[in-house]
Amino acid sequence: VQLVESGGGLVQTGGSLRLSCAASGLTFGSYTMGWFRQTPGKEREFVAAVSWRGGSTNYADSAKVRFTVSRDNAKNTLYLQMNSLKPEDTAVYYCAASRIVGELAASQGPYDYWGQGTQVTVSS
């Protein structure tokens, strides 16, 4: 199984980025998918999750309104559209896959596979 994130980079406050996560080696449409982020010295935190068909989503309070998680099962790809970015959004962003259907978990435990992460830096 491989999950490969892309789309990170340096952006100014108020800017936007769209992260992608390309999945291979698994039946992508059967997995709940999530985004997490981590900054040095802190635990990895939940950002958003989307159900296997994309019909249900779950967001951390920090991501509500500004971020949108989506997926394209035909392309085996997960997305995170991030708008109105703030310096506190600076982190390494990870995508993750969970075999548990019906639970949009906000904790790391239910996720079976993880990507290597992509750096997002928001300058003030």
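Among the residues making up segment 40-64, those that are assigned to a loop (DSSP other than H, G, I, E, B) and surrounded by 17 or more Cβ atoms within 10 Å (Cβ to Cβ) are Arg44, Ser51, Trp52, Ala63.
In segment 94-118, the residues that are among the polar types (S, T, N, Q) reach residues that are open to solvent by 20 Å² or more (accessible area, probe 1.4 Å) and part of a loop (DSSP other than H, G, I, E, B) with C-beta atoms within less than 7 angstrom, at least six apart or across chains, in these pairs: Ser98/Tyr31; Ser98/Pro110; Ser98/Asp112; Gln108/Arg44; Thr118/Gly7; Thr118/Gly8.
Assess whether Thr77 counts as being without any contact (Cβ under 8 Å) to a residue 24 or more places away in the chain and under 15 Å from Gln2 (Cα atoms). Here the answer is no, as Thr77 does not meet what is asked.
For segment 34-53, a residue qualifies if it is touching a residue at least 60 places away in the same chain (Cβ under 8 Å) and in contact with a Lys or Arg (Cβ under 6 Å, 6 or more places away or on another chain), and the qualifying residues are Phe36, Gln38.
Here is a check on your reading of the model: is Val101 assigned to a strand (DSSP E or B) and among the β-branched types (Val, Ile, Thr)? So Val101 does not fit the description; no.
For Thr68, state whether it is at pLDDT 95 or above, farther than 17 Å from Ala105 by Cβ, of a type in the set (Val, Ile, Thr) and open to solvent by less than 60 Å² (accessible area, probe 1.4 Å). Criteria not met by Thr68.
The residue that is least open to solvent (accessible area, probe 1.4 Å), among those in segment 1-39 that are of a type in the set (Ser, Thr, Tyr) and in a strand (DSSP E or B), is Thr32.
The values are calculated or read from the model by the stated rules, or taken from the named source; none is laboratory data. Everything quoted here is computed from the prediction, not taken from an experiment. Quick reminder, even Gly has a Cβ in these numbers, built from the backbone with ideal geometry, and neighbours come from all protein chains shown. With ligands, DNA and RNA removed, areas are computed over all heavy atoms of the protein, side chains included. Shrake-Rupley method; radii C 1.70, N 1.55, O 1.52, S 1.80 Å.
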